[in-house]
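Step one of this worksheet: look at the structure below.
The values are calculated or read from the model by the stated rules, or taken from the named source; none is laboratory data. In this text the structure is predicted, and so the values were computed from the model without any measurement. Neighbour counts are summed over all protein chains in view; Cβ atoms, including those assigned to glycine, are modelled from backbone coordinates with ideal geometry.
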Amino acid sequence: MTTYDDRASLTDLTTTAERVRRSVEGVIEGKPEVVRLSLTVLLAEGHLLIEDVPGVGKTMLAKALARSIDCSVRRIQFTPDLLPSDITGVSIFDQQRRDFEFKPGAIFAQIVIGDEINRASPKTQSALLESMEERQVTIDGQTYELPSPFMVVATQNPVEMEGTYPLPEAQRDRFMARVSIGYPGPEAELQMLDVHGGVSPLDDLQPVAHAHEIVKLIDAVRTVHVAEPVRRYAVDLVAATRNHPDLRLGASPRATLHLLRAAKASAALSGREFALPDDVQALAVAVLAHRLLPTAQAQLNRRTAESVVLEILQHTPVPAAVQPGPGAFFNQQPPGARRL
């Protein structure tokens, strides 16, 4: 790993992230929190699931993020007839060489856009499992490493269920965070009509960061300090999902790891060398909710996984102070949360 001054690294991170943010917000108007979460997942080495109703810009967000970075990009349109080999690749026999030659699939890119991922069969969806977790692909006993950085940005529609296959728990657990874009406000929609009315803003979008810069920023995020009280707070939040009466499936240990990585990236984007409970709180719903399964009774009572996570945040004691090094740093608690 390349070594460099930590403070300079965080300065480079915030500067580069600001360029990418401005670039993406030039396409996605009025959704700064969605853009920030996308950058957080990128710098935390995670994968992003964008779930919302049709026409709100799910694919536009994925494309804007990909085009803002000078790296290899592949788009996969998930359909019922898509095969696993279309994603991972296949070994083809070469008549001249009298040997098998591997032809890489669409997954061999630094940013992979999976459009309408839940329209493919479960067999095809499972082709992503190894690549998303281990950043490699194994074909015919041969393992091929994927490039770095590597990020899957997938979209799905939660409303139109005809002809779709819901993502299994193992697949959802691979995504670090799920985000819903939502409808734009009136002013943002008016601005969208002006910007998108003639030509697509994606046509003029130019890269503002290089792939090797993103790799360095990811290394900088790894240096962000997480004090023991903050780590324990994240563990307590995840543990509460496993014991909640309204949930039949709680969050996995992978969820705890993803929550902590995302908190470190959020702290770095804020220019801090240490993570706070605030970072964990702000990301808890996005990182945890899509992994949880409410009980049948909770569904009848119209209880959502998001509301359960918010309830857990209210009842889980928040560390009063964390001390990453010299000095103590106090955080703000959500209404109703209890201090230790």
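Scanning segment 72-120 for residues that are among the basic types (K, R) and modelled with pLDDT of 90 or more turns up R74, R75, K103. Within the span defined as segment 2-19, every residue fails to be touching a Pro at 6+ places or on another chain (Cβ under 9 Å) and either in contact (Cβ under 8 Å) with a residue 60 or more places away in the chain or surrounded by 17 or more Cβ atoms within 10 Å (Cβ to Cβ) (or both).
Exactly one residue among A251, A240, A227 is over 30 Å from S72 (Cα atoms), touching a helix residue (DSSP H, G or I) at 6+ places or on another chain (Cβ under 6 Å), of a type outside the set (D, E) and surrounded by fewer than 21 Cβ atoms within 10 Å (Cβ to Cβ), and that residue is A240.
Listed here are the residues, each with its yes/no results for (1) surrounded by fewer than 19 Cβ atoms within 10 Å (Cβ to Cβ); (2) more than 30 Å from K264 (Cβ to Cβ).
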| site | (1), (2) |
| --- | --- |
| E51 | no, no |
| G57 | no, no |
| S121 | yes, yes |
| Q142 | yes, yes |
| E145 | yes, no |
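Could you please let me know if V238 is under 21 Å from the mean Cα position of the chain (by Cα), in contact (Cβ under 8 Å) with a residue 60 or more places away in the chain and under 28 Å from L129 (Cβ atoms)? So V238 does not fit the description; no. Please give the strands (runs of 3 or more DSSP E) falling wholly within segment 123-181 in which 1 or more residues are in the same structural domain as T40 (by TED's automatic domain parsing), free of Cβ contacts under 8 Å to residues at least 24 places away in the same chain and closer than 26 Å to A211 by Cα. The strands (runs of 3 or more DSSP E) meeting that bar are 136-139, 142-145.
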